[in-house]
Every structure is written in structure tokens, then in C-alpha cells.
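In what follows, a single structure is set out as C-alpha cells and then discussed.
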Amino acid sequence: MAGKNRFSASDRFEYLQGLVTEFQDTDSEEAKEQVLANLANFAYDPSNMEALQILQVTELFMDMLTEENENFIEFGIGGLCNMSMDRECRDQILQSGGVPLVIACLSSNRDETVLSAITTLMNLTTASSRSETTDSSVVHCMLRFSLTQNPRLKNMASVFLQDYCTQEQVHKAQEAMQGQSQSAVGIPLPKD
């Protein structure tokens, strides 16, 4: 009876709606963080996508990317990362101007935030969005990350450069970096 414990679609929607309502109604930052973490986890399951879209959770996650609370940002980008795997959610993020918000997360000093941002950029890259997701500032940033001692960050950045950028973009960024000091690039590396 593996299916017995599973939510029905209406139970699932009501539960997720309750989480969104709790987030909106509470004044406790700790409670908001817990709800965001739960919503980000639910965004990993494709069977929750329709409910999350109806409840405008994509917008909620994007709103979190401009907060000062680092946990809000981390859970927001984690949720967007999960939702961006869904084509409709990806298109919604792109149409809502989400790419600059995701790019801003690359400057976080938290590994998880940066890794989620890189993965989200990968998920958001389409033929029409490639010029925005692989902007020269992003390519510069990925080159810097590819030089770090952090293996997860180094590997993700290397995959991004190899699979999402043209050789010409990478070459131009490398040339530009050779003329700059490391601090002039502008985006600090996350703390290991």
C-alpha cells in the first residue's frame, strides 16, 4: 500500500496553501525560514508544480532573493532551482525578470546559495535566454569559481563554462581577466 500515505491532489494543494498562508501571516523570521525550507523541498517533487504555480510560489521565491536575511535568500534560490527544472516555471522565471536576481546570488558568501544559483542559471538557459544567462559578467564569475579550491563550486563552474558558454565567450573572459587583478573582478568567492 505504498500509495496510501500519498497526498491526494486536493490534500496536497490545501497543505501547500497552508504553508503559503503561514508564511504570509507570521511575523516570526524563524517560522518564515522553516516554511521557505519546506516549500523549497516540496518544489523538488514535480507532482507539486501545479499547486505551487497556482499559489504563486515562484514569485515568493524570487521576492526572497532581495531580502537581507541570508537564510531567506538561500531557501529562495534553492526553491527556484528546484522549480526551474519545470518548463512552465522556467518560462515564468524568465518572463518575470528573474535572471538578474539569480545572477545576484552568485555574490553570496554561502556555498549552497551560489551552487543553487549556478544550477538555476543552467536550468534557465534556453536559445532565447542564453545571452542573458551567459552574460560576460557571469562568464567572468564562473571562470573565477573554476579556479577555487572548493571542489563542488569548481566542478559546477567548469560544467557551466563547458556546456553553456561558447569557447569565444570563455576566451574573451580569460583575456579580460588577465588584465585585471583578482579583486577587480568584483564577485568574492564564497567562504569554504
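The values are calculated or read from the model by the stated rules, or taken from the named source; none is laboratory data. This is a predicted model, so every value here is computed, not measured. Glycine gets a Cβ as well: all are built from the backbone with ideal geometry, and neighbour counts include every protein chain shown.
The residue of the range 38-77 that is surrounded by the fewest Cβ atoms within 10 Å (Cβ to Cβ), among those that are closer than 26 Å to Ser107 by Cβ and charged (D, E, K, R), is Glu68.
A search for C-beta distances below 9 Å between a residue of the range 9-34 that is exposed (fewer than 13 other Cβ atoms within 10 Å of the Cβ) and any residue that is among the charged types (D, E, K, R), counting only pairs 6+ apart in sequence or on different chains, returns Ala9/Glu50.
Residue check: Lys191 meets all listed conditions (1) at pLDDT below 95; (2) closer than 14 Å to Ser107 by Cβ; (3) crowded, with 17+ Cβ neighbours inside 10 Å but one, namely (3). Filtering Glu67, Glu29, Glu132 for residues that are among the acidic types (Asp, Glu) and either modelled with pLDDT under 95 or under 21 Å from Gln162 (Cα atoms) (or both) leaves a single hit, Glu132. In contact with a Ser or Thr (Cβ under 9 Å, 6 or more places away or on another chain), of a type in the set (A, V, I, L, M) and either assigned by TED's automatic domain parsing to the domain that holds Asn123 or under 16 Å from Thr120 (Cα atoms) (or both): is that true of Ile54 in this structure? Against the criterion (in contact with a Ser or Thr (Cβ under 9 Å, 6 or more places away or on another chain), of a type in the set (A, V, I, L, M) and either assigned by TED's automatic domain parsing to the domain that holds Asn123 or under 16 Å from Thr120 (Cα atoms) (or both)), Ile54 does not qualify.
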